[in-house]
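Asker: Dropping a structure here in structure tokens format, bear with me for questions.
The values are calculated or read from the model by the stated rules, or taken from the named source; none is laboratory data. Because the structure is a prediction, the values reported are computed rather than measured. Neighbour counts run over all protein chains shown; Cβ positions are idealised from the backbone, glycine included. We work out accessible area using only protein heavy atoms, side chains counted, and drop any ligands, DNA or RNA first. Shrake-Rupley method; radii C 1.70, N 1.55, O 1.52, S 1.80 Å.
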Amino acid sequence: MTEGKSKQEKHTERALVRLLRFIGRGPAQVKDCGAQVEINVDHAPEPRSMEKHVLEQGLASGLLRMEDNRLTPCDTASAFLKRAMVKERDEIFQEQHRLCDLVSVEIEGARQTARRNELSSPLLALLRLKDRDGHSFFPAEALDAGERLASDFHRGQLSPRITASWEPRLSKRVKGQANGAQDLTDTAMAARNRFSTAADAMGPELSGVAIDVCCFEKGLELVERERQWPVRSAKLMLRTALLALARHYNPPQPTARKRESHHWGAEGYRPRV
């Protein structure tokens, strides 16, 4: 996702939080020092300096009120601080459980910088796995094939529902058509056909681990426990399955073979024209 606020806006917001915490509930004296302002409160041993635009932002947003160089927090300041503290704790928790990297994405024809959490899905987490030579254990074409398989899985609405559907039924089920196939769009049906063809191309021995990881987003350790496989064997099976899937999506082009002519005959033989 692209970041909703710029670095300058986040810096101003954090500085405003520090200002409100410094003031507390009592009034403070403000001294104008040009681009900086000096805040002095009775309970602080020494005044604090900060950028003037931070104070202006607090006044414009209705968090602070100033009369005769006396600065007091408004009633909305308490709720603002509570939201800021919850947001700060949430950001700390998120940083502990994600591995973000800056990537360039194209949105409506324009390139923008976004932060991608490499731990948001098992496929992205596979980018960290390396072989003995330090190269990626899963080639790029293998991961692209896994993403394509997952896309067809979700477009085909193959994920099992865990909640009740309250949507009105606009058509009746036809006898012989199970699972409401007549209600699917042409796009969903085409995705199901592509998914089925891809699973057949991998074979029954390999398609299961690819579907578990790519579509149901299971971790490699979980796959090994469920299938009672040896430790670190799931990544080998998954790599084999995704490479086979990549060859299915992008089959190698046949090499042109030079045509050779053969004939039977003795040395010096020449056919009659």
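Asker: Name the pairs: first residue in region 196-209 and open to solvent by 70 Å² or more (accessible area, probe 1.4 Å), second residue small (Gly, Ala, Ser) and not in a loop (DSSP other than H, G, I, E, B), Cβ to Cβ under 8 Å, at least 6 apart or on different chains?
Answerer: 200/207
Asker: Conditions: (1) open to solvent by less than 80 Å² (accessible area, probe 1.4 Å); (2) at pLDDT 80 or above. Residue 60 meets all but one. Number of the miss?
Answerer: Unmet for residue 60, out of (1) open to solvent by less than 80 Å² (accessible area, probe 1.4 Å); (2) at pLDDT 80 or above: (1).
Asker: Which numbered condition trips up residue 109, out of (1) surrounded by 10 or more Cβ atoms within 10 Å (Cβ to Cβ); (2) modelled with pLDDT of 65 or more; (3) not acidic (Asp, Glu)?
Answerer: (1)
Asker: Here is a follow-up. Within region 38-57, track down each residue that is farther than 25 Å from residue 83 by Cβ and modelled with pLDDT under 80. Even if it seems obvious, please write down each step before you answer.
Answerer: The first filter runs over region 38-57 and keeps only residues farther than 25 Å from residue 83 by Cβ, leaving 38, 40, 42, 45-47, 49.
Once the filter is applied, which keeps residues that are farther than 25 Å from residue 83 by Cβ and modelled with pLDDT under 80, region 38-57 yields 42, 45, 46, 47.
Asker: Residues of region 219-242 being within 23 Å of the chain's Cα centre (by Cα) and surrounded by fewer than 17 Cβ atoms within 10 Å (Cβ to Cβ), which ones?
Answerer: Correct list: 219, 221, 222.
Asker: Further question: Within region 152-160, identify whether any single residue is among the acidic types (Asp, Glu), under 19 Å from the mean Cα position of the chain (by Cα) and either surrounded by 14 or more Cβ atoms within 10 Å (Cβ to Cβ) or at pLDDT 55 or above (or both), and answer yes or no. Talk me through it step by step, then tell me what you get.
Answerer: Of the residues in region 152-160, the ones among the acidic types (Asp, Glu) are 152.
Filter once more, keeping what is under 19 Å from the mean Cα position of the chain (by Cα): 152.
From what's left, either surrounded by 14 or more Cβ atoms within 10 Å (Cβ to Cβ) or at pLDDT 55 or above (or both): 152.
Yes, some residue in region 152-160 is among the acidic types (Asp, Glu), under 19 Å from the mean Cα position of the chain (by Cα) and either surrounded by 14 or more Cβ atoms within 10 Å (Cβ to Cβ) or at pLDDT 55 or above (or both).
Asker: A further question follows. Within region 1-37, restricting attention to residues that are open to solvent by 60 Å² or more (accessible area, probe 1.4 Å) and among the acidic types (Asp, Glu), which residue is modelled with the lowest pLDDT?
Answerer: Checked region 1-37; the qualifying residue modelled with the lowest pLDDT is 3.
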